[in-house]
Amino acid sequence: MTEITDNHRAVLRALADTIVPSIPRDDDPTGFWAASGSAMGADIAVAQVISGLPDDQRHGLLSLLDGMHVFGFATGSQRSREQVIRNVALMGTAPAAGMKALASLTTAMAYSVPDPTTGVNPAWQVYGYEGPPRMASGGPEPLATFAPTESTCAADVCIVGSGAGGGLIAGVLAQAGLSVVVLEAGQARNEADFLGYELLAYQQLFWRGGVNATADMNVSLLAASTLGGGPTVNWSNCLRTPEWVRDNWAEEFGLKDVATADFDEHIDAVWQRLGVNGDCSDLNGPHLRMRAGAESLGWSFKTLTRNADPETYSPDSAGHIGFGDRSGSKRDVRQTYLRDAVEAGGKVIVGCSAKRVLVENGRAAGVEATYTDPATGATTELTIKAPRVVVACGSLESPALLLRSGIGGPAVGKYLHLHPVVGFLGIYPDETNPWWGAPMTAMVDEFANIKDGHGFLIQNAQWSPSVIAGGMARASGAEHKETIAKLGHAAFSVAFPRDRGHGTVTVDDLGNAVINYSMTDEVDLLVAHTSIEKQIRLHHAAGAEEIIPFGSITQRWRRGEDLEAFITAIQSVPLRAGGLQLFSAHQMSSCRLGSDPQTSVANTSGELHDTPGVYIGDASGMPTASGTNPMISAMSLAHRTATNIANEAQPAVNA
């Protein structure tokens, strides 16, 4: 194990003071301008994060710090240190990605970690953010979970994953009379735990502790790992699967009923159970700017529906629902389908990681897992004996489970879609207060289908100061700090595409998921470059004074400068590590359904081609990217699969 040395700490301290410099100002009542990154403790926090990384990642970053020390980074001037940072970014993909990671960690720690005595970061006061709402937690009683006391238990169905698909299938099958055991690798967090602090939420509620880069460093991934999965932390807008996508699934992949009214019934069932409505979709400051820009350009602008309870919803707290909805108004899977499952006798085991699916005589026989006691941390091996297994642990982990199990066929992990987004930050003359109101309550869908069923939606991202601080383009530490001070006037837009190309999920020697994704498909490149242009024009038309891309670049646009030249310049930046930053919170299709066993993992009913009794029950089963926020699409497909399982199992239930 490579240890952090004094030389490493010296470079981290100098890096913190370069990226977050002390800037003398007469008017500095909070001390924000005078405080350097090391004064804020950013270097110490980054060192702690590095210490906890896997060996290969830790070794890579420490090697980069070694190289920077050789170049005299720790003792150089501000100007020379900034030049070293730029030089490293030009040395290749790995060094550029490493420097980006160090810079992002540093800014996140400096500008997002709250003071433990006040609960507020000093930077927040400068732009008017008071921190997460201080309110009593709402919602129903926490969901009852089951703590196993024996090494083996049995059920009609074992479901791996408690999210949008797995939680739904558990509820439907339990109510149909089947005995159900749900395994969830994450912990049981509830409204009282949802404090609204970004970095704490990442540690407690997200896959691998927050934002993670793909192995090739091209895309930053954000995925849930908590009871209830993605719906616990998503931004809760609800969009139906587009007709052209449903037609594609029916015609190319053999899911014939998906293009008919039969699938509408599945969508409607989900819609009703989640209580989707249009009464909790206030337009916040960023959305009002989006509407103004769209109207100026003659583009579409639509207010969206959400799965929130109007009786308990409040826009004052809704701006933090991506870190868990403390109000309890979000009607997520914990409050609906998982509760249905538990009330019908289903058992939900948290802190339980599936190692492999058990197969006997070519059929599903159960799941082998490791259970971690949440109270003591003690681990025990657990076997669930079940003739039916539903794999629903997300599009990053479902293929890994199948690969560890040696089942699923040649298509496992081969067709990963990510909706890889490009984002822009607009800085406006007036306050936007982007932390107020739910995110993604509206969209521009003018460009949803620009070529062969592929296009993009423009929406506004949730208030996430660490993501903004760590991702935005910057020419210097001083410029970056100036921008941080303006975040109360910001709007963070994203354009997510329906990607045609795809990535892969494989496993390493330890069986851990390894994700790779490179945007090379010609249609995807066309869509991405168009989305860059249209987002810039939207912010410009809405009155932005500055438009800032996200990535390892220095360019930004200021009002009065040549807009067309800026668009051309940003479109020329590579869409990969070292260029524009790609983000993904939507992972799909890595275990897709279809009629061809060579290009799909499960058949058109959701059952594995090569292993009867094993079903795909999450967004990994979607044949292609949905082109919309995928929750409703994934849950509707899961409802269809659950119905198929219930119909197949009904004679045994009635026996």
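The values are calculated or read from the model by the stated rules, or taken from the named source; none is laboratory data. This is a predicted model, so every value here is computed, not measured. A quick note on method: Cβ atoms are made from the backbone with ideal geometry, for glycine too, and the neighbour counts reach across all protein chains shown. For accessibility, only protein heavy atoms count, side chains too; no ligands or nucleic acids. Shrake-Rupley method; radii C 1.70, N 1.55, O 1.52, S 1.80 Å.
Annotation note: of 406, 377, 362, 394, the sole residue that is on the phi > 0 side of the Ramachandran plot and touching a Pro at 6+ places or on another chain (Cβ under 9 Å) is 362.
Restricting attention to the stretch 314-342, the residues that are more than 16 Å from residue 188 (Cα to Cα), in a loop (DSSP other than H, G, I, E, B) and modelled with pLDDT of 95 or more add up to 5. Filtering 366, 298, 345, 351 for residues that are touching a residue at least 40 places away in the same chain (Cβ under 8 Å), farther than 30 Å from residue 435 by Cβ and surrounded by fewer than 19 Cβ atoms within 10 Å (Cβ to Cβ) leaves a single hit, 345.
In the set (1) in contact (Cβ under 8 Å) with a residue 24 or more places away in the chain; (2) farther than 18 Å from residue 251 by Cβ, residue 648 fails one condition alone, (1). Does residue 566 fit the bill of being without any contact (Cβ under 8 Å) to a residue 40 or more places away in the chain and open to solvent by less than 30 Å² (accessible area, probe 1.4 Å)? Yes; evaluated as a whole, the condition is true for this residue.
Name the single residue that is nearest to residue 499 (Cα to Cα) among those in the stretch 373-426 being in a loop (DSSP other than H, G, I, E, B) and of a type in the set (Asp, Glu). Steps first, answer last, please.
Taking the stretch 373-426 first, the residues in a loop (DSSP other than H, G, I, E, B) are 373-378, 386-387, 392-397, 406-415, 418-420.
In the following step, the residues that additionally are of a type in the set (Asp, Glu) were identified as 373, 397.
Working: 373: 40, 397: 20 Å.
Result: 397.
If you take just the strands (runs of 3 or more DSSP E) that sit entirely in the stretch 482-558, which of them hold at least 3 residues that are buried (at least 19 other Cβ atoms within 10 Å of the Cβ)? Full working, then the answer.
Values: elements: 490-497, 504-507, 513-516, 546-549.
The strands (runs of 3 or more DSSP E) meeting that bar are 490-497, 546-549.
Scanning the stretch 28-66 for residues that are under 27 Å from the mean Cα position of the chain (by Cα), among the acidic types (Asp, Glu) and open to solvent by 60 Å² or more (accessible area, probe 1.4 Å) yields a count of 2.
Can residue 219 be described as open to solvent by less than 10 Å² (accessible area, probe 1.4 Å) and in contact (Cβ under 8 Å) with a residue 40 or more places away in the chain? Break it down into steps so the answer makes sense when it comes.
Numbers: open to solvent by less than 10 Å² (accessible area, probe 1.4 Å): yes; in contact (Cβ under 8 Å) with a residue 40 or more places away in the chain: yes.
The answer is yes for residue 219.
Quick grid of which residues meet (1) assigned to a loop (DSSP other than H, G, I, E, B); (2) aromatic (Phe, Trp, Tyr); (3) within 22 Å of residue 421 (Cβ to Cβ):
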{"position": "566", "(1), (2), (3)": "no, yes, yes"}
{"position": "578", "(1), (2), (3)": "yes, no, yes"}
{"position": "596", "(1), (2), (3)": "yes, no, no"}
{"position": "600", "(1), (2), (3)": "yes, no, no"}
{"position": "610", "(1), (2), (3)": "yes, no, no"}
{"position": "615", "(1), (2), (3)": "no, yes, no"}
{"position": "625", "(1), (2), (3)": "yes, no, yes"}
{"position": "628", "(1), (2), (3)": "yes, no, yes"}
{"position": "641", "(1), (2), (3)": "no, no, no"}
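The conditions of being at pLDDT 95 or above, assigned to a loop (DSSP other than H, G, I, E, B) and over 23 Å from residue 505 (Cα atoms) are met by residue 345.
Residues in the stretch 278-295 that are open to solvent by 30 Å² or more (accessible area, probe 1.4 Å) and either modelled with pLDDT under 95 or not aliphatic (A, V, I, L, M) (or both): 278, 279, 282, 289, 291, 295. In this structure, residue 15 does not qualify as under 32 Å from the mean Cα position of the chain (by Cα), within 30 Å of residue 508 (Cα to Cα), modelled with pLDDT of 90 or more and buried (at least 21 other Cβ atoms within 10 Å of the Cβ).
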